[in-house]
Amino acid sequence: MNVNTPSKLERILAGGHLAVTSECGPPRGSDPKAITEKAGIIKGHVDAINITDNQTSVTRLSSLAACIHLKLMGVEPVLQMVTRDRNRIALQSDILGAASFDIHNILCLSGDHQSFGDCATGQNVHDLDSMQLIQTVRQMRDEGKFLGGDDIKRVPRMFVGAAANPFADPFEIRVPRLAKKVAAGVEFIQTQCIYNLDRFEEWMKLARDRGLHERVSILAGVTPFKSVGMARYMKNRVPGMDVPDEVVKRMAVTPKEKQAQEGIDICVESIQRLKEVEGVRGFHIMAIEWEEKVPEIVERAGLFPRPEA
């Protein structure tokens, strides 16, 4: 890693610290307060904040615009960019747009299928896939070239990330898929929410066996449960999620008025255990619409105060 990088997130990782990121979902309208108020709650407890890109294929304030609002308030953003909605021209254009505001982190994703969202008849694009988007950002940054071959006059200095799901079926292709993203040039990974810690540790062992933990910074994803209903929904209704029965049972036997706190306790305990897993370089705390709990989680997990970059 280049310690002179403009990305604060990369400098934290280069310094050998456990990184902490979180994320915010943009609003279904144009009022920026919906995003700046969330970011204000988290600011100071994390190194960077992801802005989701029309998550669940529901139309929202653009990720790029929301990242600009964060940048203006002194918060380091991570621009999430999905290939579902843009062709290679638009993708490269938005990368330049982000770089023009000195946004230096990008997370390259495919995106949820449009049938899940509010425009089910919309056409997906997928001119490039997420791995090709990783390659595109690296080419633009490292070679100073557009995909068409022309020179870029001011290259985008991006720290390039992607997502990984250790739990989706079939399990045996999860680490080879990670290896392909590493080969494509990804520099940091944020994982799907981790509830089955045994399975995640197995995934990490397989990644270490290939030496992938030395080639990419892996941030373990965690999400606190608000209720047993949320735990059951995540277990039964969310594809690619692995919530063990004993975790659901633990939430179920907790009195209703104490379930939210129990969910936070489980999250903090998970972070404490994951800290000991070789190759875990930080944590991505996803508490969408529950951002006020992120500071408590970070502090109780021993991840506060945050180091200087």
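Please treat every number below as a calculation from the coordinates, not as lab data. This structure is a prediction, so every number in the text was calculated from the model and none was measured. Backbone-built Cβ (ideal geometry, glycine too); neighbour counts: all protein chains shown.
What the table below lists for this structure:
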item	result
P(r) tail fraction, region 16-137 - alpha-carbon pairs more than 21 Å apart, %	38 percent
Size of charge dipole - region 137-201 - debye, nearest 20, with Cβ of Lys, Arg +1 and Asp, Glu -1, no other charges	280 debye
Using θ = phi - 60° and Karplus 6.51 cos²θ - 1.76 cosθ + 1.60, couplings along region 50-56 (whole Hz; Gly, Pro as x)	6, 10, 5, 10, 6, 4, 6
Calculated from backbone phi, Karplus (6.51, -1.76, 1.60) coupling profile of region 142-152 in Hz, x at Gly/Pro	7, 9, x, 10, 6, 4, x, x, 6, 6, 9
Helix-derived mean residue ellipticity, 222 nm - over the chain, DSSP H n ≥ 4, -39500 (n - 2.57), to 500	-11000 deg cm²/dmol
Per-residue Cβ neighbour rank within 10 angstrom, fewest leading, Ser7, Ser217, Ser110	Ser110, Ser217, Ser7
Cut-off under 5 Å, modelled amide H: who pairs with Asn105 long-range	Leu79, Phe159
Order of Lys8, Lys275, Lys258 under a 10 Å beta carbon neighbour criterion, fewest first	Lys258, Lys275, Lys8
Under 15 Å from the Cα of Lys256 - aspartates and glutamates, other chains or at least 8 residues apart	Asp265
From phi via Karplus (6.51, -1.76, 1.60), per-residue ³J(HN,Hα) for region 154-170 in Hz, x at Gly/Pro	9, 6, x, 8, 9, 8, 9, x, 7, 9, 9, 10, x, 10, 5, 8, x
Residues whose placed amide H lies under 5 Å from that of Phe188, excluding near-sequence neighbours	Val160, Gly161, Ala162, Ser217
Neighbour-count order for Thr191, Thr36, fewest beta carbons within 10 angstrom listed first	Thr36, Thr191
Net dipole in debye of region 90-245 [+1 Lys, Arg Cβ; -1 Asp, Glu Cβ; about Cα centre; nearest 20]	220 debye
Cβ-placed point charges (K, R +1; D, E -1), dipole of region 8-300 about Cα centre in debye, nearest 20	180 debye
